[in-house]
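Below: one structure, written as structure tokens.
The values are calculated or read from the model by the stated rules, or taken from the named source; none is laboratory data. Keep in mind the model is a prediction, meaning the values are calculated, not measured. Using ideal geometry, Cβ is built from the backbone for each residue, glycine included, and neighbour counts are taken over all protein chains shown. When the accessible area is computed, the model is the full protein with side chains, heavy atoms only, and any ligands, DNA or RNA have been set aside. Shrake-Rupley method; radii C 1.70, N 1.55, O 1.52, S 1.80 Å.
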Amino acid sequence: MREIRKLSNSALERFTQCPLSFFHQYVNEERPGQEGVESFYADYGILMHFLVEMYPRTNFYKDSLPFKPSNFVSDGDINGVLNGFSNQLMEREDPLTLEQMLIIYEELFPMIDFPNQEKRDEYYEQGLTYINSIPEMDWSKVVGLEAKFKIDLQNGVVPLKGFIDKVERDDKGLIVTDYKTSKPYSHNAIMAKPQLPIYGMACFLMYGELPYKYRYDFVRFGKVVEVEIPIERLTEVKNVIKFKYMQMLAYQRQGSFPAQYQDFYCKNFCGFNRLCDRYKQFNGG
Ligand code: SF4
């Protein structure tokens, strides 16, 4: 088995969903690829994240916010293409304009493999509306874009790493924003997730203060949901992460990660169901 060297929000989410799926994604030495998972959702997210990051970065924060060029540049994959565009945009003088964002959208949207025309049309129109609104947004308070963080959880727990889409500072303090291309979550669902408390801890380390407001910007629906998160919740999440890490180590010592069957997740998001006896038990094969 591979050693667990770091944690991330997505690794923790996968572990919570199903330890066996986490094993295949992060620990299995054979590194099996995911199969049968729709790619359109992730690819569309990558495209929208690129535009909403690069517009303010090149127009207002070219020299003041850190940017690391990516080595992974490729023509055959939307992520690789966008990495190449990011590198070029940061090298040239001119900022990214609305017109250029629309050209990039028109060029790259066809690379996304949607399951049907209806979904394609729906996502296309929603994306177009959002892109047209990007130049109208208030970009004057940004202090972080794709802000990279590393949280040392101590007590022998490996570091927790990730990126925050946007951090702003207004006269009351810090505001954290995460862009989502999913349907809007309810307030309760947001409060149950560890993602925003993790970002709160990260802000404390990076900026020396806790955000007073956290936002999910549901880009396809023009809806922003804001929450406040008390410091006790950050402590609670930190303890839950430590506990989950101990569980990971225990499963590693035992030499097996348990399968946690949830029909919808197993069929649509796991990507490793071909390797899963529990899946075969429920679905034949
Ligand atoms: S198919 Fe379901 S139970 Fe099996 S590994 Fe994937 S998520 Fe876990």
Go through region 197-207 residue by residue and turn each phi into a ³J(HN,Hα) via Karplus (6.51, -1.76, 1.60, θ = phi - 60°); whole Hz please, and just put x for glycine and proline.
x, 4, 5, x, 4, 4, 5, 4, 6, 7, 10
Could you do me a favour and compute the accessible area per residue for region 25-90, 1.4 Å probe, result in Å²?
53 Å²
Rounded to the nearest 10 degrees, the helix 117-133 long axis (Cα) sits at an angle to the longest Cα principal axis of the chain of 50 degrees
I'd like the distance separating the alpha-carbon centroids of region 131-189 and region 23-53, in whole Å.
20 Å
Can you tell me how much longer the chain between Ile103 and Gln117 gets when fully stretched, taken as 0.36 nm per residue apart minus their C-alpha distance, in nm with one decimal?
3.0 nm
For the chain, share of DSSP beta bridges that run antiparallel, in % to the nearest 5
70 percent
Classify the chain as rounded, prolate or oblate, taking a ≥ b ≥ c as the square roots of the eigenvalues of its Cα gyration tensor: rounded when a/c is under 1.5, otherwise prolate if a/b is larger than b/c and oblate if not.
oblate
The chain, dipole about Cα centre (Lys/Arg Cβ +1, Asp/Glu Cβ -1), debye to the nearest 20:
1420 debye
Please name whichever of Phe149, Thr129, Met111 sits farthest to the positive end of the charge dipole of region 109-170, dipole taken about the Cα centre and charges placed at Cβ: Lys and Arg +1, Asp and Glu -1.
Phe149
Given a Förster distance of 30 angstrom, what is the FRET efficiency for Asp63 paired with Ile231, based on the Cβ-Cβ distance and rounded to 0.05?
0.30
Listed residues Arg14, Arg57, Arg169 arranged by accessible area, highest first, probe 1.4 Å
Arg169, Arg14, Arg57
Along the dipole axis of region 1-65 (charges at Cβ: +1 for Lys and Arg, -1 for Asp and Glu; origin at the Cα centre), the most positive-end residue among Ser64, Phe50, Asn9 is Ser64
By how many degrees, 0 to 90 and rounded to 10, does the Cα axis of helix 98-108 deviate from the longest principal axis of the chain?
40 degrees
If ligands, DNA and RNA are left out, what is the accessible area of Ser133 with a 1.4 Å probe, given in Å² to the nearest 10?
40 Å²
Please state the charge dipole magnitude for region 113-200, taken about the Cα centre, from unit charges on C-beta atoms (+1 on K and R, -1 on D and E), reported in debye and rounded to the nearest 20.
440 debye
Using Cα pairs under 8 angstrom and six or more residues apart, how large is the relative contact order of the chain, in percent?
22 percent
In square angstrom, what is the accessible area per residue of region 188-285 with a 1.4 angstrom probe?
54 Å²
Under the Karplus curve 6.51 cos²θ - 1.76 cosθ + 1.60, θ = phi - 60°, whole-Hz ³J(HN,Hα) for region 30-37, x wherever Gly or Pro sits
6, 6, x, x, 7, 9, x, 9
Debye equation applied to the C-alpha atoms of region 90-243, log10 I(q)/I(0) at 0.12, 0.16, 0.18 Å⁻¹:
-0.64, -1.02, -1.17
Using 0.36 nm per residue of separation minus the Cα-Cα distance, give me the extension gain between Tyr207 and Arg92 in nm, one decimal.
38.4 nm
Using amide H atoms built in the peptide plane, which far-off residues or other-chain residues are under 5 Å from Gln260 H to H?
Leu20, Ser21
For a quick check: with amide H placed at 1.01 Å from N, whose amide H comes under 5 Å from Phe149's, ignoring anything fewer than 5 positions away on the same chain?
Gly162, Phe163, Ile164
Search the structure for amide H atoms under 5 Å from the amide H of Gly144, placed 1.01 Å from N in the peptide plane, and list their residues when 5 or more places away or on another chain.
Val167
Test item: Cα-centred dipole of region 50-198, Lys/Arg +1 and Asp/Glu -1 on Cβ, debye
820 debye
Angle between the chain longest axis and helix 231-254 axis [Cα atoms, degrees, rounded to 10]:
40 degrees
Multiplying the sequence separation of Gln34 and Lys242 by 0.36 nm and subtracting their Cα-Cα distance, what value in nm do you get?
72.2 nm
Count the DSSP beta bridges whose two residues both fall in region 143-257, then state the antiparallel fraction as a percent rounded to the nearest 5.
75 percent
Viscosity 1.306 mPa s, temperature 10 °C, Stokes-Einstein D of region 167-284 from Kirkwood C-alpha radius, µm²/s
93 µm²/s
For the chain, give the percent of accessible area contributed by carbon and sulfur heavy atoms, probe 1.4 Å, rounded to a whole number.
49 percent
Which distance in nm do the two modelled labels at Lys280 and Asn155 give, with both placed 7 Å along the Cα-to-Cβ direction?
3.9 nm
Helix-derived [θ] at 222 nm for the chain: sum -39500 (n - 2.57) over DSSP H runs of at least 4, divide by residue count, nearest 500?
-14500 deg cm²/dmol
Do any GluC sites (Glu not before Pro) in region 1-34 lie in a loop, going by DSSP, with at most 11 other beta-carbon atoms within 10 Å of their beta carbon, and if so which?
Glu3, Glu29, Glu30
